[in-house]
Amino acid sequence: MAYQLLKYALGGEYKEPRFFRDCQTPKKSYDAVIIGGGGHGLAAAYYLAKDHGITNVAVLEKGYIGGGNTGRNTTIVRSNYLTPDGVNFYDASVKLFEGLSTELDINLFYSNRGHFTLAHSESAMRTMRWRAEVNKHVGVKSRVVGTDEIAKACPQMDLSCSGKSPIQGALYHEPGSIARHDAVAWGYARGADSMGVEIFQNTEVQGIDIKDGQVQGVQTSRGYISTGKVLSAVAGFTPRICKMVDLKTPIVIHPLQACVSEPMKPWLDTILVSGSLHVYVSQSSRGELVMGSSLDPYEFHSTRSTFDFVEGLTSHIVDMFPFLSNVKIVRQWAGMADITPDFAPIMGMTPIKGFYLDAGWGTWGFKATPISGKTMAHTLANDKPHDLIHSFRLSRFEEYELTGEKGAASVGH
Amino acid sequence: MKLLNCPVNGVRPLSEFIFGGECREMPNPETSTDLEWASYVHYRDNAPGIKKEWWYHSPSGTWFIAERNTLSDEVLSTYLHGKAPAKNTKEQSA
Ligand SMILES: Cc1cc2nc3c(=O)[nH]c(=O)nc-3n(C[C@H](O)[C@H](O)[C@H](O)COP(=O)(O)OP(=O)(O)OC[C@H]3O[C@@H](n4cnc5c(N)ncnc54)[C@H](O)[C@@H]3O)c2cc1C
């Protein structure tokens, strides 16, 4: 072992293979072009190739893959939503996630922790009961628990939150998990690439060519590419892409921030969320506490982070865990969250033929990466929306058929 | 702490203000089609740029307009609704 390591080190040639080809010159045309090399775009490319045999596909990423919200989120995966359509959709995603390390042959550090949404008031308890009943009805493991069970799962927590907002109970969701987010992007990229999909980094889409209501191609920083099908999977950049095709949506961009503490010995097994205190926290496999809060309060197209955020967040964290008062915050960052009025995504067809939208992922889209890739691939391949995403269509707004997920999505991710 | 200029109370810390969304003209509900009305309710020109927005100074209960660049977060001007300074009115009609 030691000898082999030494030989490898001195060999001067490190044979670690690339995850995907270093594509530089796009072809003149593709069957489909995907804008955005985040988890969603790469998963859609993977399932287009795997489920539908469509491999003449280019993924265009203006930066590096996973550099958008995919690499900025707090990686909570769960399916305890509020509407039956939402619960079914996210449940399908959790199931795909559970087998994904094996399928993509990459360790996603998928770690099943259990997920507590803490309730500090009677009205919050009511929402928890509502969610538990909807979840059970659809076959998802969620139940309302009392303070004794919370104390058992997390004895370190001050259940009175420093006397300020005593915890009354929680929604406990057994399948709640965390994962390594960048590995999801890299795994899908490698899988898609191995089936023939071409991934271009540092390649920006600058315009979309439409004639008679049908997509003809895209203008990029590496020249014009013709294609009849374009999937926009750009999360916080969705309004800019939609402007290229003159499409209005209800999406508004707000920054969403997160931070991590210095690493500690493992002590927090579960994922904890408190809507009232605007915090959620889990401990990563590296020992850092990964923490986030609610959205920044106004529209802003930027990934700057603020001191206000850490100050507000940590004061609530210390209310829950007074012993953390000496622990340091080591990193903080922000992503641009594409927020919809009903806290459900916008997926599927648009009034423009050949222009497909996978957006409105706000603060909650990491968990949906596998299922959104699968259902969007289906939608592109058949030019017909997948059954699971019917409630998420763009036209629901003008039909006044919103999919109210706010009670389950706002802080909880 | 970021500051914002309330047209009534002057420069105050941002934490005293609440964002009220983009300011848009309401179509006439009597004459607009269902689609026009739905567009007004839901659809936004949400790409970054200089926007006219509603802001609320919460301690004094003042609603006013801010013109703000949503890409750089620079506030160009603030004024009470209908009282845009002359140079801004010109910019808008240009
Ligand atoms: C702080 C934070 C915490 C979060 N926590 C959670 C969580 O715990 N659980 C959860 O489920 N979700 C969470 N989310 C939400 C989740 O991160 C996103 O919804 C999800 O990652 C979106 O993935 P995506 O692939 O659609 O977009 P992204 O990963 O953002 O990918 C879009 C890509 O498109 C590229 N792009 C944009 N414009 C162009 C162009 N013109 N040409 C080419 N490429 C372009 C961008 O560079 C980017 O890489 C969180 C988000 C944030 C910001």
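The values are calculated or read from the model by the stated rules, or taken from the named source; none is laboratory data. Everything numeric here is computed off the predicted structure, so don't read it as measured data. Ideal geometry is used to build each Cβ from the backbone, glycine not excepted, and the neighbour counts take in all protein chains shown. These accessible areas exclude ligands, DNA and RNA; they are computed on the full protein's heavy atoms, side chains included. Shrake-Rupley method; radii C 1.70, N 1.55, O 1.52, S 1.80 Å.
Here are the numbers for this structure:
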read-out	value
Listed peptides A:307-318, A:349-360 by packing density, highest first (mean Cβ within 10 Å)	A:349-360, A:307-318
Computed FRET value (nearest 0.05) for B:GLU16 with A:ASN202, which takes r as the C-beta separation and R₀ as 41 Å	0.45
Cβ-placed point charges (K, R +1; D, E -1), dipole of the stretch B:3-79 about Cα centre in debye, nearest 20	260
Magnitude of the charge dipole, chain A, Cβ model with Lys/Arg +1 and Asp/Glu -1, debye to 20	500
Value of relative contact order over the stretch B:3-79, rounded to a whole percent, pairs C-alpha under 8 Å and six or more apart	30
Protection proxy ranking, peptides A:162-175, B:24-37, A:2-15, A:205-218, average beta carbon neighbours within 10 Å, highest first	A:162-175, A:205-218, B:24-37, A:2-15
Share, in percent, of DSSP beta bridges within the protein assembly as shown that are antiparallel, nearest 5	80
Linear extension gain, A:GLN214 paired with A:GLU174, 0.36 nm per residue minus alpha-carbon span	9.9 nm
For chain A: relative contact order, % (alpha-carbon pairs under 8 angstrom, 6 or more apart)	23
Within a Gaussian network of chain B (alpha carbon springs, distance under 10 Å), most fluctuating of B:TYR79, B:TYR40, B:TYR56	B:TYR40
Inter-chain Cβ neighbour average for residues A:294-305, partner chain, 10 Å	4
Given charges at beta-carbon only (K, R positive; D, E negative), |dipole| of the stretch A:2-41 in Debye	100
Estimated [θ] at 222 nm from DSSP helical runs (n ≥ 4, -39500 (n - 2.57)) normalised by residues in chain A, nearest 500	-9000 deg cm²/dmol
Per residue value of the accessible surface for the protein assembly as shown (all protein chains in place, 1.4 Å probe), Å²	44
Selected from A:LEU394, A:LEU289, A:LEU247 as most flexible by GNM, with chain A as the system and alpha-carbon contacts under 10 Å	A:LEU247
Base-10 log of normalised Debye intensity for the protein assembly as shown (one unit scatterer per alpha-carbon) at q = 0.09 Å⁻¹	-0.68
